[in-house]
Amino acid sequence: MFNEHRDIIAELKQQDAHFQSVFDKHNELDQEIVDLEKNFADQFEIEAKKKDKLKLKDEVYSYIVKYKKENNL
């Protein structure tokens, strides 16, 4: 996720505990979705998790945009 912002993400993870929590939760949900899809789980459960993951991704991206703006990048 956001490979082009790898350095910013690393910086934010060190500076902001909430960002790290959101980023980690996103990755956990990603793995849960992969596991559920492998086990042919209920599609409604998978879709709900995908929506939650997308919200977290949007939050991560908002942090990146804010960081870039604050640091004139």
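Assorted remarks:
- Screening residue 40 on (1) assigned to a helix (DSSP H, G or I); (2) more than 15 Å from the chain's Cα centre (by Cα) shows it passes everything except condition (1).
- Residue check for residue 30: acidic (Asp, Glu), without any contact (Cβ under 8 Å) to a residue 60 or more places away in the chain and exposed (fewer than 15 other Cβ atoms within 10 Å of the Cβ): no
Every number here is computed from the coordinates shown, using simple stated rules; none is lab data. Since the model is a prediction, treat every value here as computed from it, not as a measurement. Using ideal geometry, Cβ is built from the backbone for each residue, glycine included, and neighbour counts are taken over all protein chains shown.
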